[in-house]
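This report concerns only the one structure given below.
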Amino acid sequence: MAVARDLPNAAQDDIARVILLLAGADDDGGSVTLSPDDRAAIAEPKAAASRGAFATNEQVRAIRAKHGP
C-alpha cells in the first residue's frame with residue numbers, strides 16, 4: 001500500500017478500479033472470471049507475501065531509479 005500511495009493519482013485510480021472489479025463491485029454489478037494464467041499470476045505473489053518475501057525499501061528505490069516513478 002505504501003508504494004501505491006506514492007504513485008500518480010491516475011495509477012492509483014487504475015489500481016482501485018481493478019480491486020473493485022475483482023471484488024465484484026464494478027459498475028454493472030458483474031464479476032471478473034479469472035483464467036488459469038490469471039490465477040497463477042496472482043498465486044505467486046500471494047505465496048511470496050505469505051512467506052514475508054517483500055522488497056526492501058532499498059530495492060524499491062533502485063527500481064524507481066532505473067525505471068522512473
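Here are the numbers for this structure:
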quantity	calculated
Index of the failed condition, Ser31 passing every other in (1) surrounded by fewer than 11 Cβ atoms within 10 Å (Cβ to Cβ); (2) modelled with pLDDT under 85; (3) of a type in the set (Gly, Ala, Ser)	(1)
Subset tally (residues that are more than 13 Å from Val3 (Cα to Cα) and surrounded by fewer than 10 Cβ atoms within 10 Å (Cβ to Cβ)) for segment 47-67	7
Residues of segment 11-28 satisfying the condition of being modelled with pLDDT under 85 and small (Gly, Ala, Ser)	Ala23, Gly24, Ala25
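The values are calculated or read from the model by the stated rules, or taken from the named source; none is laboratory data. In this text the structure is predicted, and so the values were computed from the model without any measurement. Note: ideal-geometry Cβ built from the backbone for every residue, glycine included; neighbour counts use all protein chains shown.
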